[in-house]
2 protein chains.
Amino acid sequence: MKRFPLKVKRILKRFKMKTLILISHPKLADSATQEFLKTAGKSQANVDFEYIDDLYKGTKIDVIQQQRQLTKYSRIIFQFPMYWYSSPASLKQYMDDVFTRKFVVADHLLRNKELGIVVTLGDAEAEFQAGGGEHFTISELLRPFEAFANKAGMTYLKPFVVNQFGYLEEDQKELLLVNYLQYVSAVMPLNLDNREKWLVDRLTKMKQEKSEADQQKLNLIIGSIEAQQDQIDDLKVNIKMIRDQEE
Amino acid sequence: MKRFPLKVKRILKRFKMKTLILISHPKLADSATQEFLKTAGKSQANVDFEYIDDLYKGTKIDVIQQQRQLTKYSRIIFQFPMYWYSSPASLKQYMDDVFTRKFVVADHLLRNKELGIVVTLGDAEAEFQAGGGEHFTISELLRPFEAFANKAGMTYLKPFVVNQFGYLEEDQKELLLVNYLQYVSAVMPLNLDNREKWLVDRLTKMKQEKSEADQQKLNLIIGSIEAQQDQIDDLKVNIKMIRDQEE
């Protein structure tokens, strides 16, 4: 990027993939789940956090400043524990205050951004279906957020559901960690291709801070992932050829 | 009721049909719709109002007092303008604060009550469907309230939708008024029987405050409604007999 003047660099930086996670949680300090996700997310460049409940402590919220901040990100994530089948009131207050009709509908300032939802459940996810104790699916209960994304011209991402975090084993937590980091910072949709690109990208960045011996090991790992990806690509081409012949 | 001692009368009174309308509206004073509904509702005995936004001005909300109040009513109505496909934040704050897990789930203190929703729309109701500009139906968007009613063991009433009040003609407003009053105070479901019983009840009460000449006129009206009802009942019996013979 050295060949660009500073101004162009600034413009390019604005359009880079960046994620803002808006956290709504009235009892954040008591939440092991949020602590876990926060620690995970903090390790990512290009991922910023905003604590909505803090914004409402004391002075009035600065709507213009919040709107300006939102425009800088390509992915916006609402992260909250499910309270009475919706977000806690603080996220709704933020939406009512910051998402003015002018900002969202007239000026279209959220258009083409992605809207993700990270929702943590105290009850078992299996109950959220027809015939289950909660009757409705998570998708149905989150319709108001989906309708908002539609209205704003945003791409609504598949909600990321954290199911009874307290009951997870250590290896399940590790898997959750990787999935969460990909949800907040990988290119969507989260198919095998995009997950692998994300992994290679992270490993490449990690390499820079390591000793030469470790760098060589990481090179081997990256090489083997990329070789696997090449094989998968070859197989896909073969399958496509067979399918085309069948038709 | 004269033959019951005072204590029994008090207990009986508690179980009489009574409605509490919880209004969530951050700009209540500017709303012609809410002003209209408020004036209408105030005319009804057994219907009380609570303005949630007022509860949050100044001091902290008294959760115990609110919970005690709620137990006195057989029908609870959430009344609000739709803000981003849900209620304004103040109703959600009230739910998060007052509807504690102990109150709702452990002690079941809302069980067997009715939960009604009166929602006012700025956009045309026709857009709220598959293929319409808003994609989802009102029923779908209000799922979180329905899920709450299920959890609390309440009977969820068909939501009462007020569609673009500002565009209504005078006669449409009169019809809205009667439908609204029945929604808040008639026995459910709102079939012809219950609507007529409600009307006769209202006319009978009205009679007490009128001159003798007016009372006679009202008696004629009430008599003719009741005669019609008798005819309808006879017809229903006949239809049932015919159907039974067919089987």
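The values are calculated or read from the model by the stated rules, or taken from the named source; none is laboratory data. Computed from a predicted model, the values in this text were never measured in an experiment. Heads up, the Cβs are rebuilt from the backbone with ideal geometry, glycines too, and the neighbour counts pull from every protein chain shown. Remember, those area values only see protein heavy atoms, side chains included, never the ligands or the DNA or RNA. Shrake-Rupley method; radii C 1.70, N 1.55, O 1.52, S 1.80 Å.
Some notes on this structure:
- Equivalent ellipsoid semi-axes, region B:191-247, via Cα gyration tensor eigenvalues times 5, rooted, Å: 33, 11, 4
- Computed extension length for A:Asn191-A:Glu35: 53.4 nm, one decimal, from 0.36 nm per residue of separation with the Cα-Cα distance subtracted.
- With the highest mean first, a sort of the peptides B:81-89, A:53-61, B:41-49, B:234-242 on other beta-carbon atoms found within 10 angstrom per residue produces B:81-89, B:41-49, A:53-61, B:234-242.
- Protein accessible surface hidden between B and A, which excludes ligands and nucleic acids, total in Å², probe 1.4 Å: 2500 Å²
- Within the protein assembly as shown, the ratio Rg/Rh, alpha carbon atoms throughout and Rh by Kirkwood, equals 1.08.
- Shown here: region A:133-247, whose C-alpha atoms stretch 52, 49, 31 Å along the first, second and third principal axes, sorted largest to smallest.
- Å² of accessible area per residue within the protein assembly as shown, as computed with a 1.4 Å probe and no ligands counted: 58 Å²
- Average partner coverage of A:139-152, which counts Cβ from other chains inside 10 Å: 5
- Calculated over region B:52-186: convex hull of Cα atoms, volume per residue (Å³): 120 Å³
- Percent breakdown of C-alpha pair distances by 10 Å bin, ordered from the shortest bin, for chain A: 6, 24, 31, 23, 12, 3, 0
- Model label points for B:Ile239 and B:Gln69, set 7 angstrom from Cα along the Cα-to-Cβ axis, are 4.3 nm apart.
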